[in-house]
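Worksheet for the structure shown next.
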Amino acid sequence: MSLEEKAGQLNLLTGTMDATGVKDSGDLSAKIRSGECGALLNVFTPAATREMQEIALQSRLKIPLLFGYDVIHGHRTIFPIPLALSCSWNLDLIERCSRFAAAEAAADGLNWVFSPMVDISQDPRWGRVAEGAGEDPWLGAKIAAAIVCGFQGNNLTNHRSVMACVKHFALYGAVKAGRDYHTVDMSCREMEETYFPPYRAAIDAGARTS
């Protein structure tokens, strides 16, 4: 592989089927053929993913693409937001919701979901509180593991399984004044005891990406 091709495999480009994440990446077909892309966001449905996958097989290395999407609380079937599900303390229910979402996502041409969101959020002003399990690290860790198990199942070769991605970057939810992408001032003890446990639980449960 050339250096450019190696970099290309690390490159996540985005389509136009949804507006989450970065802006439209332009001519996806040309970039995939030239090896500038390893994965796609906001491209789903069997027809759309098959079209992009066939283009990837025309590239020099013929490396298949990964198709990722924000599957936060269901895919086609919508479940309560993660914060609401966490209020149930029903880990079996949460795992089953993720399992159902995995089956729908996989049927829609996806193989990678950007979930669970395991940020501990202790400031209700932060705009992403709804995406996580709240303020408690113990409960957050239990839910993180349940969601990973639900998405990935026992075997990622199962056609109803998708790869989980733990997010966001550690300590992201500890921003000052609840302002997204703001400063974080963190002690080692607070980091280890409050913010890291859900990440560790997700990785221990087998999450393949983060």
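Do you know which residues across segment 168-183 are buried (at least 16 other Cβ atoms within 10 Å of the Cβ) and assigned to a helix (DSSP H, G or I)? Once the filter is applied, which keeps residues that are buried (at least 16 other Cβ atoms within 10 Å of the Cβ) and assigned to a helix (DSSP H, G or I), segment 168-183 yields TYR172, GLY173, ALA174, GLY178. Being β-branched (Val, Ile, Thr), in contact with a helix residue (DSSP H, G or I) (Cβ under 6 Å, 6 or more places away or on another chain) and without any contact (Cβ under 8 Å) to a residue 40 or more places away in the chain is true of ILE32. Pairs linking a residue in segment 182-204 that is at negative phi and assigned by TED's automatic domain parsing to the domain that holds CYS149 to a residue that is exposed (fewer than 12 other Cβ atoms within 10 Å of the Cβ) and modelled with pLDDT of 95 or more, with Cβ atoms under 9 Å and 6 or more positions apart or on different chains, are PRO197/TRP138. All conditions but one from (1) surrounded by 14 or more Cβ atoms within 10 Å (Cβ to Cβ); (2) farther than 21 Å from ALA84 by Cβ; (3) modelled with pLDDT of 95 or more apply to ARG189; the one that does not is (1).
Taking only segment 145-167 into account, find how many residues are over 14 Å from LEU83 (Cβ atoms) and outside any loop (DSSP other than H, G, I, E, B). Selection size over segment 145-167: 11.
A quick yes/no check of all residues on (1) on the phi < 0 side of the Ramachandran plot; (2) among the basic types (Lys, Arg); (3) out of contact with any Pro (no Cβ under 9 Å at 6 or more places or on another chain); (4) loosely packed, with under 13 Cβ neighbours inside 10 Å:
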position	(1), (2), (3), (4)
LEU3	yes, no, yes, yes
LEU10	yes, no, yes, yes
SER34	yes, no, yes, no
LEU65	yes, no, yes, no
ILE81	yes, no, yes, no
ALA84	yes, no, yes, yes
ILE94	yes, no, no, no
ALA107	yes, no, no, no
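Quick test for you: out of PRO137, PRO116, pick the one residue that is modelled with pLDDT of 95 or more, more than 15 Å from GLY206 (Cβ to Cβ) and not small (Gly, Ala, Ser). Steps first, please.
On the way: PRO116 fails: more than 15 Å from GLY206 (Cβ to Cβ).
Going through PRO137, PRO116 in turn, the sole match is PRO137.
Assigned by TED's automatic domain parsing to the domain that holds ALA103 and exposed (fewer than 12 other Cβ atoms within 10 Å of the Cβ), is that true of SER161? Quick ask: steps written out before the conclusion?
Values: assigned by TED's automatic domain parsing to the domain that holds ALA103: yes; exposed (fewer than 12 other Cβ atoms within 10 Å of the Cβ): no.
It is false that SER161 is assigned by TED's automatic domain parsing to the domain that holds ALA103 and exposed (fewer than 12 other Cβ atoms within 10 Å of the Cβ).
Within segment 1-57, the set of residues being of a type in the set (Lys, Arg) and either part of a helix (DSSP H, G or I) or in contact with a strand residue (DSSP E or B) (Cβ under 6 Å, 6 or more places away or on another chain) (or both) comprises LYS6, LYS31, ARG33, ARG50.
The values are calculated or read from the model by the stated rules, or taken from the named source; none is laboratory data. Fair warning: this is a prediction, and the values are worked out from it, not measured in the lab. We place every Cβ from the backbone using ideal geometry, glycine too, and count neighbours over all the protein chains shown.
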